[in-house]
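Contents: one structure, followed by commentary.
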Amino acid sequence: MGRFVDLYLEEPENPSEVFRLLSLLGYGMVAVSLPEKLAEKFKDYKKTGGEFGIDVVSRINLTPSSAGELLQKLGGLRKRFELIGVLCGSKQVLRAALRDGRADLVLLPPSKLNLFDDFEAELASNSNTILEICFSHFLGGSEKTVTKAFSMLYGVIGLVKRFGLPLVVSSGAKNVYGVKAPRDLSAFIRLFGLTVEEALATVSKNPKKIVERNRGKLDKSFVGVGVRVLCRKGGEDG
Amino acid sequence: MVKRFRKRYILYRVLCENSLGKDSVRRAIYNSFLKLFGFFGLAQAKLRFIDYDENKNIGILACSHRFLEPVRVSLALTSQIDGKKVNVYTVRVSGTIKSLRELKLKLD
């Protein structure tokens, strides 16, 4: 099983083809994002992924228009999905997602990367929520928009380095054409000033840590942070 | 003493529904790098298009070892060639071309 992790595939068109390529590129864990009503399809994705040695993680992406809407949605979804990503269109939503422990990842549209500034970086440093950079956001845009996005990304990575924040880079692929090699993704983020180790961690250690933490919480034996049921009365293991 | 220029060879694959011509691929790779890093970057990177197999959709590039990552990124950011959707990804990087040629023969 590969050591790399891609935390964002957007409802892949041809799952077996996508998983085959991911496995070839060295991925061992992949998160598939589906709308809430299609949550049943995760079973099929997990089965197909298993055939190629890929551990599939269930993910949902929220695009709330206000902080209130985000908090309302998070309540019902936390126990149903292993990962929750929030696409933040405004500063209020971004701050609410960073303050609330239930969101795992915050994504910013390339035109709004500048929403992440000193205050948000400080919030992120005291939170479990991690900033995610989606590579597909930088594909196919006009020269002007990509240049602007790169310029803002420079600022974001500067803050990430200054505050020592973990970062996740994902492909955001919808089909085989969007799937990228993990070292290509780490090379991309390294251009903005991260070291080799930090850049590789964005596609391996950092995303894996989030999934393991969440899976631990979703486990039946989990009671609270640091408290776990080891054995139940009838001899049944926790 | 001036440090010797070290090369890196990159074996890459182009995923596309149709077969692409060697010239189209060469043009797309150079243009993508130029768009990102300009002529000065291209000169520094010493990017060289060595080979492209139109049947296997696999090719080899050479560049300065200092510019390996920018070349990887410019490949990854190539999303269209001749108006067709493509995915260009790095298969392997090596300091010698021989090992990549051997690997290229093994790949289907």
- line: Between the alpha carbon centres of the stretch A:10-44 and the stretch A:148-164 the gap in Å comes to 29
- line: Over the stretch B:7-106, with neighbouring protein chains present, the accessible area per residue in Å² at probe 1.4 Å is 49
task: On a C-alpha basis, how far is the centre of the stretch A:76-94 from the centre of the stretch B:1-32 in Å? Whole number, if you could?
output: 39
message: Please enumerate, by chain and number, the aspartates and glutamates with C-alpha under 15 Å from the C-alpha of residue A:209, excluding those fewer than 8 residues away in the same chain.
response: A:6, A:55, A:82, A:104, A:132, A:198
query: For the stretch A:4-228, with equal point scatterers placed on the C-alpha atoms only and solvent neglected, what are the log10 I(q)/I(0) values from the Debye formula at q = 0.12, 0.14, 0.16 1/Å, to two decimals?
result: -0.62, -0.86, -1.15
Helix runs (DSSP H) in chain A reaching 15 Å along axis by Cα, Kyte-Doolittle at least 0.0: A:67-77, A:143-163
task: Please list A:170, A:127 in order of solvent-accessible area, largest first, computed with a 1.4 Å probe with all protein chains present.
output: A:127, A:170
message: Taking each residue in B:61-70, count the Cβ atoms of any other chain within 10 Å of its Cβ, then average. What number comes out?
response: 2
query: What does the charge dipole of the protein assembly as shown about its Cα centre add up to, to the nearest 20 debye, if the Cβ of each Lys and Arg holds +1 and the Cβ of each Asp and Glu holds -1?
result: 920
- request: For the stretch B:7-106, just the Cα atoms, rotate onto the principal axes and tell me the three extents in Å, largest first.
  value: 33, 31, 18
message: As an exercise, use a Förster radius of 41 Å and the Cβ-Cβ distance of residue A:38 and residue B:84 to find the FRET efficiency, rounded to the nearest 0.05.
response: 0.90
- prompt: Which lysines have a Cα lying under 20 Å from the Cα of residue A:37, excluding residues fewer than 8 positions away in the same chain?
  reply: A:46, A:47, A:73, A:79, A:174
- prompt: How much accessible area per residue does the stretch A:4-228 have, in Å², with a 1.4 Å probe?
  reply: 43
task: Taking a cut-off of 25 Å between Cα atoms, list the lysines near residue B:46, but don't count ones fewer than 8 places away on the same chain.
output: A:180, B:3, B:7, B:22, B:35, B:98, B:104
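The values are calculated or read from the model by the stated rules, or taken from the named source; none is laboratory data. Bear in mind that the values here come from a model prediction, so they are computed numbers and not experimental data. Reconstructed Cβ throughout: ideal geometry from the backbone, glycine too, with neighbour counts over all protein chains shown. Just so you know, the surface numbers come from the protein's heavy atoms only, side chains and all, with ligands and any DNA or RNA stripped out. Shrake-Rupley method; radii C 1.70, N 1.55, O 1.52, S 1.80 Å.
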